[in-house]
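The values are calculated or read from the model by the stated rules, or taken from the named source; none is laboratory data. Only a predicted model underlies this, so the values are computations on that prediction, with no experimental measurement involved. Don't worry about glycine lacking a Cβ; one is built from the backbone with ideal geometry, like all the others, and counts go over all protein chains shown. Each accessible area value is taken on the protein alone, full model and side chains, heavy atoms only, with ligands, DNA and RNA left out. Shrake-Rupley method; radii C 1.70, N 1.55, O 1.52, S 1.80 Å.
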Amino acid sequence: MSFFNTMNISASGLTAQRVRMDTIAENIANVNTTRTADGGPYQRKTVVFEEIRDNDPFSLVFTNIFGNGGSVPAPQGMGVRVAGIWEDDSPGLLRFEPTHPDADELGYVRLPNVNIVTEMVNMIAASRSYEANITAMGVARTMTQRTLEIGQGR
């Protein structure tokens with residue numbers, strides 16, 4: 001794996017975690033939104049990731065002919081990307097507030113299905129993943145720098 005592949009993989013992780021943190025921030029901001037443009041309460045959003053695979057057929061054929069003992073190598077992971085942002089369709093809580101403008105005929109208001117504790121835990125996990133990708137980039141840079149210093153005879 002080259003230096004640039006390492007940087008690209010870490011950069012893809014940074015981008016994916018940034019999208020995740022933005023989505024979590026949107027969920028937290030809408031924790032009390034009882035009416036959206038669709039008419040119902042805000043629905044919590046979740047980010048789904050997928051692996052980026054190196055499916056370059058030329059590299060598979062080349063390796064098959066000239067190396068690896070004739071076996072076809074498995075595609076190499078090249079990072080992560082956002083597969084989509086999906087709405088959580090679980091129902092929110094009902095709260096009795098007969099004076100609320102969004103109350104039904106029985107006086108209940110349907111709240112968003114956002115749980116602040118869950119969102120904060122997810123935000124901490126996304127932040128740690130973001131930090132891990134930054135650390136990986138720094139380690140790769142340091143390793144490359146040290147390798148170049150060895151090549152210079154220092």
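Considering only residues that are modelled with pLDDT under 90 and closer than 18 Å to Ala11 by Cβ, look in the stretch 69-92 and name the one that is surrounded by the most Cβ atoms within 10 Å (Cβ to Cβ). Reasoning before the result, please.
We begin by selecting, within the stretch 69-92, every residue modelled with pLDDT under 90; these are 69-79.
From what's left, closer than 18 Å to Ala11 by Cβ: 76-79.
Values: Gln76: 14, Gly77: 13, Met78: 17, Gly79: 20.
Filtering the stretch 69-92 for residues that are modelled with pLDDT under 90 and closer than 18 Å to Ala11 by Cβ, the one surrounded by the most Cβ atoms within 10 Å (Cβ to Cβ) comes out as Gly79.
Of all residues in the stretch 109-121, which are under 19 Å from Gly40 (Cβ atoms) and open to solvent by 90 Å² or more (accessible area, probe 1.4 Å)?
Within the stretch 109-121, just Arg110 meets the criteria.
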